[in-house]
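J.: Once you've had a glance at the structure underneath, I'll fire off some questions.
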Amino acid sequence: MSDSLAPFDIIEVSFNNGSRKDFFRNSTKQVFEKGEMVAVEGISGFDVGMVNLTGELVKLQMKKRRVEDTPEVKKLLRRASTEDMNRMADNKNREKEALIKARAIARSLGLEMKLAEVEIQADGRKATFFYTADDRVDFRELIKVYASEFRVKVEMRQIGARQEAGKVGGIGSCGRELCCATWLTDFKSVNTTAARYQNLSINQAKLSGQCGRLKCCLNYELDTYLDALKDFPDDCDVIETASGNATLQKRDIFKNLMWYSYDNSNKQYPLTISRVKEIRQLNRQGIKPEELKAVEVVSTKPNKEADLGFADVVGQISLRSLEKASQKRKQKSRDKQKEQQKEKQKGGAPQQGQGRPQRDQRPRNEARGEQKPGEQKPKGEGRQRGNEPRGEQKPRGEQKPRQEQKPRSEQRGEQKPREPREQKGEAHQRSNEQRSEQKPRQEQKTREGGGKPQQSGGHSGQHHKNRNRPPRKPDNKPDNKQ
């Protein structure tokens, strides 16, 4: 970190979705944030890229790539305008067609090279052709053809197979995006010895990546394995016993065991490091032990797994268990329905038997008939006399005359008195003096006229006056006749 308070004036800018990165000096002293589009100085023009890093982190990145802070560093011009973005989009759309034409031209010239990508500058004045080749390629004539065909300044840049895979991109065998396409910039050489130290089988199909070379991730854990192998003896590849010579097959750094096998058999014997050193010391003295004293390795799974505090969401769910649970639920619902039907049948049999004598039991029906309207009583009598002929049945007028029905309406009035409702109405209407005076007048008129008592159902006082007026007219008529 620098001691001065002034921020570092160099910014890292990425081009073409991060496939190429470069450093530019911020001479305008503007504050830029990551993700902003800026216009930078290019070859005979300008280019547009995205801000990737700012501040003191740029110093570490420059030191990693061995780039020195010199006045020759290109300058950052300005923030990208809408015109710059539109011009860049038009030139980027030409890249696919240019790549197809460039491959056809290289094939027609008979050059053994593979074009991986074509990158056109934002202003359209320069085009960079990235290619891979095993041998040296003479492309002097190819540049002339490209310059006349695309009418741009041509730059040829050779890259390796790993960089080509990073530009193309893809998904690795681990299920994640390729390291060379995301964060890896330095490509170190990978040998098969890295796989041997890690006890991996030498299988070219499994150890090679999409670039056709050995995977870069073989070097990630190599240092850890080398540190663990320091405790293992180096000169114990072959040990001598009374039964014969035993050859080392593999080293297990997790269990600190060394596996040996005899020349005549394929059986492997695990030995501890201390036992191997002991046998090696005896062999130097000319002594051959009778037994190897192999360790018994038992691979047993624990009965109860430790509770790690989280659920295994990645595990597969068996559909058979879900089907069995649904079948059990359906069976339980069916059994409940059957039990309910049986209970209904058992409880319904005596009710059907009791249904017939209820028609003949008149006292209960008569008691009910007194409370119910008078019109329902002859219907019940007609049902009881089903054996009698229809001609003998009396008409409804003879069975129950209208005069007899009046006392039943009076009985209804007795059963449902209106006194509590009138009291409630009086309690609510005490504030109005006129309504309180009308209430006793209406009661007196009903008593003098001998009319029916008021039915249940709140009516206004004016409505009761209209109902009580007709009885007064017949009283006046006989007086006039006399």
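J.: As an exercise, identify the trypsin sites (Lys or Arg not before Pro) in segment 157-226 lying in DSSP coil whose Cβ has no more than 13 other Cβ atoms within 10 Å.
T.: Arg176, Lys188
J.: Among the listed pairs Lys74/Lys101; Lys126/Lys215; Lys114/Lys167; Lys34/Lys215; Lys267/Lys293, which have their C-alpha atoms separated by more than 24 angstrom in this model?
T.: Lys74/Lys101; Lys126/Lys215; Lys34/Lys215, as the Cα separations exceed 24 Å there.
J.: Percent of accessible area on segment 26-77 owned by carbon and sulfur, 1.4 Å probe?
T.: 53
J.: In whole Å, how far is the Cα centre of segment 246-262 from that of segment 147-226?
T.: Taking the Cα centre of each part, segment 246-262 and segment 147-226 sit 32 Å apart.
J.: Could I ask something else about it? What percent do you get for the relative contact order of segment 94-159 when only Cα pairs under 8 Å and 6+ apart count?
T.: 31
J.: Shifting gears a bit: With a 1.4 Å probe and every protein chain left in place, work out the accessible area per residue of segment 95-186 in Å², rounded to a whole number.
T.: 61
J.: With each pseudo-label sitting 7 Å past Cα toward Cβ, what's the Gln340-Glu36 distance in nm, one decimal?
T.: Here the answer is 7.2 nm between the modelled labels.
J.: Counting only Cα atoms, I'd like the Rg/Rh figure for segment 35-135, Kirkwood definition for Rh.
T.: Reported Rg/Rh (Cα atoms, Kirkwood Rh): 1.05.
J.: By the scheme Lys and Arg +1, Asp and Glu -1, what is the net charge of all other residues having a beta-carbon under 11 Å from that of Leu99?
T.: 0
J.: FRET efficiency for Ser81 and Gln61, Cβ-Cβ distance as r, R0 = 35 Å, nearest 0.05?
T.: Here the calculated transfer efficiency is 0.80.
J.: In addition: Kindly state, as a whole number, the per residue volume in cubic angstrom of the convex hull around the alpha carbon atoms of segment 113-153.
T.: 60
J.: Classify segment 180-270 as rounded, prolate or oblate, taking a ≥ b ≥ c as the square roots of the eigenvalues of its Cα gyration tensor: rounded when a/c is under 1.5, otherwise prolate if a/b is larger than b/c and oblate if not.
T.: prolate
J.: Could I have the simple spin-label model distance between Lys96 and Lys324, label points 7 Å from Cα toward Cβ, reported in nm to one decimal?
T.: Label-label distance for Lys96 and Lys324, simple model: 5.4 nm.
J.: Right, here's the next one. For segment 68-207, would you read off the P(r) tail past 24 Å as a percentage of all alpha carbon pairs?
T.: 51
The values are calculated or read from the model by the stated rules, or taken from the named source; none is laboratory data. All values reported here derive from a predicted model rather than from experimental measurement. Note that we place each Cβ from the backbone using ideal geometry, even for glycine, and neighbour counts take in every protein chain shown. Each accessible area value is taken on the protein alone, full model and side chains, heavy atoms only, with ligands, DNA and RNA left out. Shrake-Rupley method; radii C 1.70, N 1.55, O 1.52, S 1.80 Å.
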